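Down below is the structure, laid out as structure tokens.
The values are calculated or read from the model by the stated rules, or taken from the named source; none is laboratory data. Computed from a predicted model, the values in this text were never measured in an experiment. Cβ sites come from the backbone with ideal geometry, for glycine too, and all protein chains shown count toward neighbours.
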Amino acid sequence: MIVDTAFVIDIMRKDEKAVIKLRQLVSRGEPQIMTTLTLFELYSGIMQSNKPDVEKQKVLQLLSNLIIWHFDAESAKKSGEIDGSLCKQGKKIDAIDSMIAGIAIAKGETLLARNIKDFSKIVGLDAESY
């Protein structure tokens with residue numbers, strides 16, 4: 001299952017719903033996958049933080065338990081199709097969300113996100129919340 005940035009942040013903040021969902025994933029033996037786009041968003045947040053060293057340590061600790069997938073050519077194609085289609089329909093979402101969804105669809109994975117409102121606009125994306 002690909003985890004969205006909000007889920008990763010919620011885990012670092014020990015959000016109860018996110019922690020319960022993580023325990024469910026682990027008990028099912030389901031790997032937790034993060035994209036390089038989430039890594040980008042996390043490091044951007046680290047640099048904007050008042051305590052970047054503390055935040056970086058939290059991220060590094062969490063990364064040891066996650067698989068990281070890259071934004072490859074197939075994912076880029078799918079993401080572009082998603083973004084262009086949504087723009088044409090007047091349903092634009094954040095470009096990074098389109099890219100994360102593109103990776104999930106290209107790889108045939110479910111996406112886990114806190115708020116799936118924007119992700120629910122994407123045809124062919126299997127998404128769930130917690």
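The set of residues in the range 72-105 being among the hydrophobic types (A, V, I, L, M, F, W, C) and more than 16 Å from D4 (Cβ to Cβ) consists of A73, A76, L86, C87. Remark: pairs (first residue in the range 37-59, in contact (Cβ under 8 Å) with a residue 60 or more places away in the chain; second residue not in a helix (DSSP H, G or I); Cβ separation under 8 Å; 6+ apart in sequence or on different chains) = L37/F71; T38/V3; T38/D4. So which residues in the range 1-25 are among the β-branched types (V, I, T), in contact (Cβ under 8 Å) with a residue 60 or more places away in the chain and surrounded by fewer than 17 Cβ atoms within 10 Å (Cβ to Cβ)? Within the range 1-25, I20 is the sole residue that qualifies. One residue stands out in the range 56-107 among those that are among the basic types (K, R) and part of a helix (DSSP H, G or I): the one that is farthest from V8 (Cα to Cα), namely K88.
Among the residues of the range 63-85, those that are in contact with a Ser or Thr (Cβ under 7 Å, 6 or more places away or on another chain) and farther than 25 Å from V26 by Cα comprise S79, I82, D83. Looking only at residues in the range 45-58 that are exposed (fewer than 11 other Cβ atoms within 10 Å of the Cβ) and of a type in the set (S, T, N, Q), the one that is farthest from the chain's Cα centre (by Cα) is N50.
Residues in the range 34-53: is at least one touching a helix residue (DSSP H, G or I) at 6+ places or on another chain (Cβ under 6 Å), polar (S, T, N, Q) and either at pLDDT below 95 or over 15 Å from I2 (Cα atoms) (or both)? Looking for residues that are touching a helix residue (DSSP H, G or I) at 6+ places or on another chain (Cβ under 6 Å), polar (S, T, N, Q) and either at pLDDT below 95 or over 15 Å from I2 (Cα atoms) (or both), one finds at least one in the range 34-53, hence yes. When we screen D94, D72 for residues that are charged (D, E, K, R) and under 14 Å from the mean Cα position of the chain (by Cα), the only hit is D94.
May I ask you to list the residues in the range 1-27 that are part of a helix (DSSP H, G or I) and either on the phi > 0 side of the Ramachandran plot or of a type in the set (D, E) (or both)? D10, E16, listed by residue number. Residues in the range 108-125 that are in a loop (DSSP other than H, G, I, E, B) and closer than 16 Å to P31 by Cα: G108, E109, T110, A113.
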